[in-house]
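Input: a single structure, listed below in structure tokens.
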Amino acid sequence: MANKVFSDAVAALEGLTQDNMTVMAGGFGLCGIPETLILALRDSGAKGLTVISNNAGVDDWGLGLLLQTKQIKKMVSSYVGENATFEKQYLSGELELEFNPQGTLAERITAGGKGIPAFFTKTGVGTLIAEGKEEREFEGERYIMETGLKADLSIVRAWKGDTEGNLIYRKTARNFNPMMATAGKMCVAEVEHLVEPGELDPDCIHTPGIFVDRIIEAKQEKRIEQRTVRER
């Protein structure tokens, strides 16, 4: 079996990055984002990127770092409200945006990973979301067609992983990471705890190692998007 473990994020992305590629980046807000791999992607200098991610991080962290360097050409997202850089670049025409309802985005990624080219959903019928999309009627209800999403590279973050690439996520970090791991031609994972095969309970594995090509152990800053505390 090929060795999937790499010493650091830069080594793990070597030979996988290029201009104008499509990248999926997992996580939700700042929770469960592959922050170490995002830094390495920034430092790779790859530009003209299309990035598929629920959101674009914040101005100074996560995918916001790639917006600062203007390496992202297009975002395929469902929520962009925490990033002023995103707003500025979009309104000025520097950044393309393909906006998706959150459930639709998740299902499009899932479909891409399963080899399903398209599916029909009621979400967005009769709205701007439906413009230019095929519409059909099933059992008297209107549906629009959405296409599956795939990427040249998926970067994901997990809590634990073994050296064969089996991954376990924790709580909110399970948003988008598991399905993105299946939808990239190549998948690179960073984990907080890297263990030997057999140490993970097979019943708890969310992403089987067959989907993961490279893996690194990386610490996480665990930043909080909006710190809110109760008044004393």
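The values are calculated or read from the model by the stated rules, or taken from the named source; none is laboratory data. Keep in mind that this is a model prediction, so the values were computed, not measured. Neighbour counts are summed over all protein chains in view; Cβ atoms, including those assigned to glycine, are modelled from backbone coordinates with ideal geometry. Just so you know, the surface numbers come from the protein's heavy atoms only, side chains and all, with ligands and any DNA or RNA stripped out. Shrake-Rupley method; radii C 1.70, N 1.55, O 1.52, S 1.80 Å.
Give me a count of the residues in segment 87-141 that are charged (D, E, K, R) and touching a Gly at 6+ places or on another chain (Cβ under 9 Å). Give the steps one after another, and end with the answer.
Here is the first cut: in segment 87-141, the ones charged (D, E, K, R) are 87-88, 94, 96, 98, 107-108, 114, 122, 131, 133-137, 139, 141.
Those still in the list that are touching a Gly at 6+ places or on another chain (Cβ under 9 Å) too: 87, 107-108, 114, 133.
Total meeting the criteria: 5.
Within segment 96-110, track down each residue that is touching a strand residue (DSSP E or B) at 6+ places or on another chain (Cβ under 6 Å) and either of a type in the set (A, V, I, L, M) or closer than 19 Å to Ala181 by Cβ (or both).
Step one: filter segment 96-110 for residues touching a strand residue (DSSP E or B) at 6+ places or on another chain (Cβ under 6 Å), giving 96-98, 104, 108.
The answer is Leu97, Arg108.
Any chance segment 83-97 includes a residue that's acidic (Asp, Glu), closer than 29 Å to Ile210 by Cβ and modelled with pLDDT of 95 or more?
First, the residues of segment 83-97 that are acidic (Asp, Glu): 87, 94, 96.
If we keep only those that are closer than 29 Å to Ile210 by Cβ too, we end up with none.
No, because not a single residue in segment 83-97 is acidic (Asp, Glu), closer than 29 Å to Ile210 by Cβ and modelled with pLDDT of 95 or more.
Do you know which residues across segment 177-194 are more than 13 Å from Lys160 (Cα to Cα) and in a strand (DSSP E or B)?
Within segment 177-194, Gly184, Lys185, Met186, Cys187, Val188 meet the criteria.
Identify all residues within segment 143-163 that are crowded, with 20+ Cβ neighbours inside 10 Å and among the acidic types (Asp, Glu); write none if there are none.
Glu146, Asp162
Per-residue answers, yes or no, for (1) open to solvent by less than 50 Å² (accessible area, probe 1.4 Å); (2) over 20 Å from Glu217 (Cβ atoms); (3) charged (D, E, K, R); (4) without any contact (Cβ under 8 Å) to a residue 24 or more places away in the chain:
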| position | (1), (2), (3), (4) |
| --- | --- |
| Ala2 | no, no, no, yes |
| Asp8 | no, no, yes, no |
| Gln18 | no, yes, no, no |
| Met21 | yes, yes, no, no |
| Gly26 | yes, no, no, no |
| Gly32 | yes, no, no, no |
| Glu35 | yes, no, yes, no |
| Leu41 | yes, no, no, no |
| Thr50 | yes, yes, no, no |
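With respect to Gly126, determine if the residue is free of Cβ contacts under 8 Å to residues at least 24 places away in the same chain, assigned to a helix (DSSP H, G or I) and surrounded by fewer than 18 Cβ atoms within 10 Å (Cβ to Cβ). Give the derivation first.
Details: free of Cβ contacts under 8 Å to residues at least 24 places away in the same chain: yes; assigned to a helix (DSSP H, G or I): no; surrounded by fewer than 18 Cβ atoms within 10 Å (Cβ to Cβ): yes.
It is false that Gly126 is free of Cβ contacts under 8 Å to residues at least 24 places away in the same chain, assigned to a helix (DSSP H, G or I) and surrounded by fewer than 18 Cβ atoms within 10 Å (Cβ to Cβ).
Based on this model, can you work out whether Thr110 counts as open to solvent by 60 Å² or more (accessible area, probe 1.4 Å), in contact with a helix residue (DSSP H, G or I) (Cβ under 7 Å, 6 or more places away or on another chain) and either assigned to a helix (DSSP H, G or I) or over 24 Å from Gln18 (Cβ atoms) (or both)? I'd like the intermediate steps shown before the answer.
Values: open to solvent by 60 Å² or more (accessible area, probe 1.4 Å): no; in contact with a helix residue (DSSP H, G or I) (Cβ under 7 Å, 6 or more places away or on another chain): yes; either assigned to a helix (DSSP H, G or I) or over 24 Å from Gln18 (Cβ atoms) (or both): yes.
It is false that Thr110 is open to solvent by 60 Å² or more (accessible area, probe 1.4 Å), in contact with a helix residue (DSSP H, G or I) (Cβ under 7 Å, 6 or more places away or on another chain) and either assigned to a helix (DSSP H, G or I) or over 24 Å from Gln18 (Cβ atoms) (or both).
Can you pull out every residue in segment 164-194 that is open to solvent by less than 10 Å² (accessible area, probe 1.4 Å) and of a type in the set (S, T, N, Q)?
Asn177
Criterion first (in contact with a helix residue (DSSP H, G or I) (Cβ under 9 Å, 6 or more places away or on another chain) and part of a helix (DSSP H, G or I)) does Thr17 satisfy it?
Working: in contact with a helix residue (DSSP H, G or I) (Cβ under 9 Å, 6 or more places away or on another chain): yes; part of a helix (DSSP H, G or I): no.
So Thr17 fails the test.
With the condition kept exactly as written, say whether any residue in segment 29-46 is farther than 22 Å from Ile224 by Cα and in a loop (DSSP other than H, G, I, E, B).
Within segment 29-46, one or more residues are farther than 22 Å from Ile224 by Cα and in a loop (DSSP other than H, G, I, E, B).
Exactly one condition in (1) closer than 24 Å to Arg174 by Cα; (2) in contact with an Asp or Glu (Cβ under 7 Å, 6 or more places away or on another chain) is false for Ala46; which is it?
It is condition (1) that Ala46 fails.
Select from segment 62-98 the residues that are farther than 26 Å from Glu131 by Cβ and in a loop (DSSP other than H, G, I, E, B) and write down the one among them that is most open to solvent (accessible area, probe 1.4 Å).
Lys70
For Lys160, work out the one condition from (1) assigned to a helix (DSSP H, G or I); (2) in contact with an Asp or Glu (Cβ under 9 Å, 6 or more places away or on another chain) it doesn't fulfil.
Tallying (1) assigned to a helix (DSSP H, G or I); (2) in contact with an Asp or Glu (Cβ under 9 Å, 6 or more places away or on another chain), Lys160 fails exactly one: (1).
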